[in-house]
Amino acid sequence: MGVPKITVVTPSFNQAEFIDATLHSVHVQQYPNLEHIVIDGGSTDGSVEIIEKYADRLATWVSEPDQGQADGISKGFARATGDIYAWLNSDDLYEPYTLAEVADYFTNNPSSRVVYGDSLWVDRHGGPIRRKAEHGFNRFIWMYDHNFLPQPSTFWRADLYHEVGGVDSTFDLAIDTDLWIRFAQVSRIDHVRRTWSRMRFYPEQKNIALRARSDEEDRRIRNRYLPAQSDWQRKAKRLAARGMRIGWKLATGRYGR
């Protein structure tokens, strides 16, 4: 049996500064059963000319106005035919071995439906900021502390994506937060101690520039699942979750890695 088909969707809009490096990080791996779909939102900054350089390596690509990042991701997965799905934003990067390791993981763990690795935070020039080494998934910590799954290091089976109804296009910033908790409703979430991506952090990044809106979307998602409780109860649980997270990372050597 051959290697599983991996579908990577890359949504983009006016990211000419970064998108060449992003696309290169996908195709330099030469993964033999890759379906790479690029959905550009009608860029006017030279992104289209960069995407065209990769056209013969892409399963499909479009550049047309859309309703934002979630809409672009949803459009991409509507075209997907792979066994394993992921999306890679147009300012993030894969490590050179990522897709092969992901394929090996799912092949060797047939009951696993979603898995995340670690990530490295980098600046706009690719310089390292710090490593995001994670612990295993814990729903209580995730709910009351924060969404600690590195989005570009997370991969899942296609049937799971369709089972939960795919990306919710009403979210603009907490797209992954919403999808992960819906995954967790029907499946365990696995973790491997391997760095699978590099995530860029810079002032214009959406989740930094639009922090208040991102936090509001995050609260809306969590309130959907959390029970009614007083402010002091939620604060106490938040402190407990943070303590559990710090203790777990210390005990497993996840800080400073």
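Assessment of segment 169-184 against the conditions (surrounded by fewer than 21 Cβ atoms within 10 Å (Cβ to Cβ), farther than 19 Å from residue 226 by Cα, in contact (Cβ under 8 Å) with a residue 24 or more places away in the chain and over 15 Å from the mean Cα position of the chain (by Cα)) yields at least one matching residue. For segment 124-163, enumerate the residues that are surrounded by fewer than 17 Cβ atoms within 10 Å (Cβ to Cβ), over 20 Å from residue 89 (Cα atoms) and charged (D, E, K, R). Residues satisfying the conditions are 139, 159, 163. Consider residue 188 against the criteria (1) farther than 26 Å from residue 23 by Cα; (2) surrounded by fewer than 18 Cβ atoms within 10 Å (Cβ to Cβ); (3) touching a helix residue (DSSP H, G or I) at 6+ places or on another chain (Cβ under 8 Å); (4) touching a residue at least 60 places away in the same chain (Cβ under 8 Å): it satisfies all of them except one. Which criterion is unmet? Tallying (1) farther than 26 Å from residue 23 by Cα; (2) surrounded by fewer than 18 Cβ atoms within 10 Å (Cβ to Cβ); (3) touching a helix residue (DSSP H, G or I) at 6+ places or on another chain (Cβ under 8 Å); (4) touching a residue at least 60 places away in the same chain (Cβ under 8 Å), residue 188 fails exactly one: (3). Would you be able to say whether some residue in segment 65-79 is aliphatic (A, V, I, L, M), under 20 Å from the mean Cα position of the chain (by Cα) and over 20 Å from residue 25 (Cβ atoms)? Checking segment 65-79: at least one residue is aliphatic (A, V, I, L, M), under 20 Å from the mean Cα position of the chain (by Cα) and over 20 Å from residue 25 (Cβ atoms). Checked against (1) part of a helix (DSSP H, G or I); (2) free of Cβ contacts under 8 Å to residues at least 40 places away in the same chain, residue 25 meets all criteria but (2). Being in contact with a Pro (Cβ under 6 Å, 6 or more places away or on another chain), closer than 15 Å to residue 197 by Cα and in contact (Cβ under 8 Å) with a residue 40 or more places away in the chain, is that true of even one residue in segment 71-85? No - not one qualifying residue is present in segment 71-85.
Does residue 66 satisfy the criteria of being at pLDDT below 95, part of a loop (DSSP other than H, G, I, E, B) and surrounded by 15 or more Cβ atoms within 10 Å (Cβ to Cβ)? First the steps, then the outcome.
Numbers: at pLDDT below 95: yes; part of a loop (DSSP other than H, G, I, E, B): yes; surrounded by 15 or more Cβ atoms within 10 Å (Cβ to Cβ): yes.
Yes.
The values are calculated or read from the model by the stated rules, or taken from the named source; none is laboratory data. Please read these numbers as outputs of a predicted model, since none were measured by experiment. A quick note on method: Cβ atoms are made from the backbone with ideal geometry, for glycine too, and the neighbour counts reach across all protein chains shown.
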